[in-house]
1. Please tell me if Ser539 is small (Gly, Ala, Ser) and in contact with a His (Cβ under 9 Å, 6 or more places away or on another chain).
2. Among the residues of the stretch 496-519, how many are of a type in the set (A, V, I, L, M, F, W, C) and in contact with a helix residue (DSSP H, G or I) (Cβ under 9 Å, 6 or more places away or on another chain)?
3. Does Gly446 fit the bill of being surrounded by fewer than 21 Cβ atoms within 10 Å (Cβ to Cβ), more than 11 Å from the chain's Cα centre (by Cα) and modelled with pLDDT of 95 or more?
4. Closer than 21 Å to Val472 by Cβ and outside any strand (DSSP E or B): does that describe Pro180?
5. Return the total of residues in the stretch 333-362 being within 16 Å of Ile232 (Cβ to Cβ), out of contact with any Ser or Thr (no Cβ under 9 Å at 6 or more places or on another chain) and either assigned to a loop (DSSP other than H, G, I, E, B) or charged (D, E, K, R) (or both).
6. Hand me the list of helices (runs of 4 or more DSSP H) wholly inside the stretch 467-542 holding 1 or more residues that are more than 22 Å from His581 (Cα to Cα) and modelled with pLDDT under 95.
7. Looking at Leu329, is it part of a helix (DSSP H, G or I) and either touching a strand residue (DSSP E or B) at 6+ places or on another chain (Cβ under 8 Å) or surrounded by 17 or more Cβ atoms within 10 Å (Cβ to Cβ) (or both)?
8. Which residue, of Ala277, Ala283, is surrounded by 15 or more Cβ atoms within 10 Å (Cβ to Cβ) and either touching a Lys or Arg at 6+ places or on another chain (Cβ under 9 Å) or not polar (S, T, N, Q) (or both)?
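The values are calculated or read from the model by the stated rules, or taken from the named source; none is laboratory data. Since the structure is predicted, the reported quantities are computational estimates derived from the model, not experimental observations. When we count neighbours, we look across all protein chains shown, and the Cβ atoms used for this are built from the backbone with ideal geometry, even at glycine.
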Amino acid sequence: MDDHLLHEEAARLGVETSFTDVFGQEHPADPEALALVVEALSADRAARSALCEPVMVLNPNERGQLLEYPRSYLIHLDLTVIDGHLIVHDGLSGHLEARSEPIVLHRSSAHPAGDHGDSIILPADLPVGCHSLELDTEQGACLITIVLPPASMLPNAPWMGGAALFLPTYALWETEAPLPSFGLLGRMSRRLGEVGVELLATLPLYAAFLDDPVEPSPYSPASRLHWNEVLISEHLVDLPGARSIPLEIDRLTRHDGRYLDWAALGSRRRQQMLILADSLDDATRSAVHRFTHDRPDVSDFARFLSERSGRSLHDRRHDIDLEIRSYELAQYLANQELRHIAGSDGAGLALDLPVGCHPDGYERWAAPELFADQMSMGAPPDLVFDGGQDWGLPPTLPSAMSHSGHRLWRDLVARAGEHAALVRIDHVMAVHRLWWIPAGMESGRGVYVRYPREEVMAVIAATAAAVGTSVVGENLGTVPAEVTESMERWGMLGMYEEQFHMHDRPLPHIPARTVAGIRTHDMIPFRSHVELDPNGYGSYRRQLPDGSEDLLDAVTDRLVHSPAALVQVDLDDLCGVTEPHNMPGQVMSTLWSRRLDRPLSETLADHDLEGRLRRLGSRQA
């Protein structure tokens, strides 16, 4: 294909033939990479049916409107409502009823769409959310996703105007409970509730590969739909009939107890779950069965993990059925603990949703047709990474995602929103475009692939509203104006971090529709940042209002008195810690594993920390 035809095809498929760097300089796309990406997207589009538009986004006042399908003669209709009940049809009459609250779908003979078409009247009581409409037509089956967003896109949550504390769950420990757990996360939630802090934010809590090879990064999870079994509280694995496995903290941590040994933790928890699954009482066994019946993906995930460990079947000392039951049990227990936190009187949870899943993870196994082969996502060269970044995560195919009704996005937001008052989408630019890197190529040779942004944003907004959560998008750095406008239109909050602006003169106005903080988990701690540039911070300090003598307190005051929708501060910064959570682009055994330097109770008993937490908690009062 010559360059002219290649560029025409790229434009048709939403592939950008150039990109603009952080200095405003435009760079043409690498011709070889462009050709490979165009080839992959051409195959993606050719494999999808074009009988009808796969996604239809309605305005909230369009319940009861007429939908026309001029190219499809309807034979029968199926509608799935947001609560998962299947609407069953009665032949060709078009009259459909749900098994719970009736929702009736009518075919319209009074408003035909044409000689070869048909039309449907949507029910006036169609709930907010995403609904799947299946059409059997003379040309074949057609699945349409009807997206009905909420009437108001502005977040209306009880935490609005309040504050959040961020900490990694894996850092938590107590003398009597030395391993991190959902139980300790709940204890922290209750303490924050007592001092008025509205939300407890944490790193992703998703399942991880902790055997061979070990991948401790929460941003390369084994699944973004299932939880990390290592975080199940220790007392929950001591149900009747289960044998206890000694808790030897020296064998489960490294460097004098400062860091977790994820492989050792994963191995120990697997032993516990297998023993426990083999000795469950009838009541728990029945509860797990009901749980998996309502969530078939849990059993699928269990089979996926069992197949993965089956690479050495001849070495296994337990049967496959027991192994599957142990994984199901783990998800049941994790879900129970998270549900308890969400339903308590403590601070609500703010959970993080990574931009992708491990290349060998569950999502790719369960729906391989949604992902591009021989491609990974990343970022082009910038000031920090002059060679670009390759995150090693498989990108989704735009056409395949649309024709699935963006089912993956719907499932991800709904599952996180079941327990979270706020869901943070990492790298929200992914709803707009992603940097695709063909296999074997350097990161800087990738190209940008565009996604149907408005479809995805509508799906996220409708799903979040249906499950009762709100969404914030990580939009730091260079973000096109159309992405910011789309976020505002669909009610998604943005982010603001003060450390990015310490050299600005004058200091910027903190935007109202943001979650505003000092830094993110990928940035160096506040104290370290100050020590690196004391003169810069001296000048910065002179711009802050008089009041607190301590610089950290002064910065916190600026955030607390800003119009931001939510203020979020890192526990490490409040405690003066200088070691980072993560160092982007580096692989080190100490990343994603550092424990608190003191038990949680001792940490919270610190007088200065308590004062700072109350300062945050006073924001809404």
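1. yes
2. Result for the stretch 496-519: 5.
3. Judged against the criteria, Gly446 is not a match.
4. no
5. Qualifying residue count, the stretch 333-362: 1.
6. Correct list: 481-489, 534-541.
7. Yes: the conditions hold for Leu329.
8. Ala277
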